[in-house]
């Protein structure tokens, strides 16, 4: 076989193995559903993705403290294809991850000139258990999509270095911008490209090396400022104000090294890693982190370019999530390693071939890396079981970190959904015991008491939650309590705060309309119902209450129109038939057919109306 044909055969074989490995490791995910942690806000309950008419909003709004308009575009495409079927969104994530592995294979082969090094870097990237969070979690679409454009940027940049064409450099910038508009952490790309310069032995003392990256740096700075504003809008920043400068450095150094250890020895993986107590081990890891930085400088001087480039690439891609700017409730998360791991795999695989292949046999690195890949693939296959259900998801976290209040509260929420209130209360109580300042745990406790009909206990728990943070969901639940207790003015105060935070919250507008209606402010109530209908999902109750309010304003024709809209969508809605009959009676029209229909559908109020207006039983 000719060398060219042999290379082609090897490439086809490697790509086939790579794709087969991804399908094997992620086959369980095809049947997985959504989980409540962000999936609902991004997809299941997000009406914004249901129409491309909202495209301007995707580019002008923040979602759960993030700015990623292209990610929203991708969700909208999925919705167009598969509506809210979870499989469609999982398939897209896996396709994107597969494309990333293929592009990484092409990129590493281009910079290292070794197909087997490229193959194992791409394989380890694709099937390592640290990647399951990014690939298997629908809400982490931003990671795989940004990864797609980031690796494309890297590949285009190597092409530019070979051609030095301005059009290719423009493509580099466009791909990088797409990556940043998919996830803001792609602002690391300008320095990531510097790592490529090192891998390709490009002299860093050349002015051109720095000047050509200036446009990207300016764009990255702009996107970075927007990202910080997005995090602030979602109140994700400064979650640990008690951490001073030294504590922040200690935690950052610990996380920097722990990410590497977790990648090489993925023991007890978790979706979240809470802050540990800051002790001796954390400071030892911080010293190791400083040593690794010093090693990068020494490696560059010694012209160990593979190692130096790897350290630079890993460091810049992990630096943004080391909690120097504190966000979220946890110190580490596997998803933050999605691209950063490339900086570890390239030198490890390259040196495995250089050292093992030279000191032992040429086949030794192939055998060692193949065995390692099989072990990681099996671990990933097993790891993906947690995405089959929310209960498995949160149980896995509580087993690994039983002192995580977030996990305990969330598992309690799952049991609450299932109607197992005893188990739910056990986990939620444990959560508030572990962390009395966890407002979401207090919210879950309030909702659980509401479901059990324990209104005074529910009010106390919701008050506690709101005292810690004016959480819109807790304010909404307390507004319902106030409304049901006959205190519409108090309910309105809470709803106003909900609408200040979530101006398109249809349910909040509906409750506001209810309260205004109770106070006799019918015209203002109509305005609130109009907004509920505009922002809502077609809930018939919105139209019915607006219709009833229109009756109070003697606008009977408008009321009849609203009730007719409900009946057209669902002819078995007895309440709509009853109220349309009553509106017809007041408008001087024959109500009996509608009232009789309502009675036959089991709406009891229709019986007395039939006797009164139609002399019928």
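The values are calculated or read from the model by the stated rules, or taken from the named source; none is laboratory data. Just so it is clear, the model here is predicted, and its values are computed rather than measured. Note that each Cβ is placed from the backbone with ideal geometry, even for glycine, and that neighbours are counted across all protein chains shown.
Residue 413 falls short on exactly one of the conditions (1) out of contact with any helix residue (DSSP H, G or I) (no Cβ under 8 Å at 6 or more places or on another chain); (2) closer than 30 Å to residue 393 by Cα, and that condition is (1).
Listed by position, the helices (runs of 4 or more DSSP H) contained in the stretch 283-392 that have at least 1 residues being in the same structural domain as residue 113 (by TED's automatic domain parsing), at pLDDT below 90 and crowded, with 16+ Cβ neighbours inside 10 Å are 364-383.
From 89, 160, 105, which residue is at pLDDT 95 or above and assigned by TED's automatic domain parsing to the domain that holds residue 350? After ruling out the rest, the residue left standing is 105. Residue 540 meets each of the listed conditions (1) buried (at least 16 other Cβ atoms within 10 Å of the Cβ); (2) free of Cβ contacts under 8 Å to residues at least 24 places away in the same chain; (3) closer than 30 Å to residue 46 by Cα apart from (2). Against the test of being closer than 30 Å to residue 444 by Cβ and part of a helix (DSSP H, G or I), the options 561, 482 yield a single qualifying residue, 482. Within the span defined as the stretch 76-85, every residue fails to be in contact (Cβ under 8 Å) with a residue 40 or more places away in the chain, on the phi > 0 side of the Ramachandran plot and in the same structural domain as residue 132 (by TED's automatic domain parsing).
Of all residues assigned to the stretch 448-471, none qualifies as being buried (at least 19 other Cβ atoms within 10 Å of the Cβ), within 23 Å of the chain's Cα centre (by Cα) and not in a loop (DSSP other than H, G, I, E, B).
I'd like to check something: does the stretch 200-208 contain any residue that is in a helix (DSSP H, G or I) and touching a helix residue (DSSP H, G or I) at 6+ places or on another chain (Cβ under 7 Å)? Reasoning before the result, please.
Going residue by residue through the stretch 200-208, those that are in a helix (DSSP H, G or I) are 207-208.
Pick out the ones that are also touching a helix residue (DSSP H, G or I) at 6+ places or on another chain (Cβ under 7 Å) and you get none.
No - not one qualifying residue is present in the stretch 200-208.
Given the residues 99, 53, which is the only one that is loosely packed, with under 13 Cβ neighbours inside 10 Å, free of Cβ contacts under 8 Å to residues at least 60 places away in the same chain and out of contact with any strand residue (DSSP E or B) (no Cβ under 7 Å at 6 or more places or on another chain)? Even if it seems obvious, please write down each step before you answer.
On the way: 99 fails: loosely packed, with under 13 Cβ neighbours inside 10 Å.
After ruling out the rest, the residue left standing is 53.
From the list 258, 231, the one residue that fits, being in a helix (DSSP H, G or I), closer than 19 Å to residue 291 by Cβ and either at pLDDT below 85 or touching a helix residue (DSSP H, G or I) at 6+ places or on another chain (Cβ under 9 Å) (or both), is 258. Looking at the stretch 210-224, can you tell me whether even one residue there is outside any helix (DSSP H, G or I), out of contact with any helix residue (DSSP H, G or I) (no Cβ under 6 Å at 6 or more places or on another chain) and either more than 24 Å from residue 104 (Cα to Cα) or at pLDDT below 90 (or both)? Within the stretch 210-224, one or more residues are outside any helix (DSSP H, G or I), out of contact with any helix residue (DSSP H, G or I) (no Cβ under 6 Å at 6 or more places or on another chain) and either more than 24 Å from residue 104 (Cα to Cα) or at pLDDT below 90 (or both).
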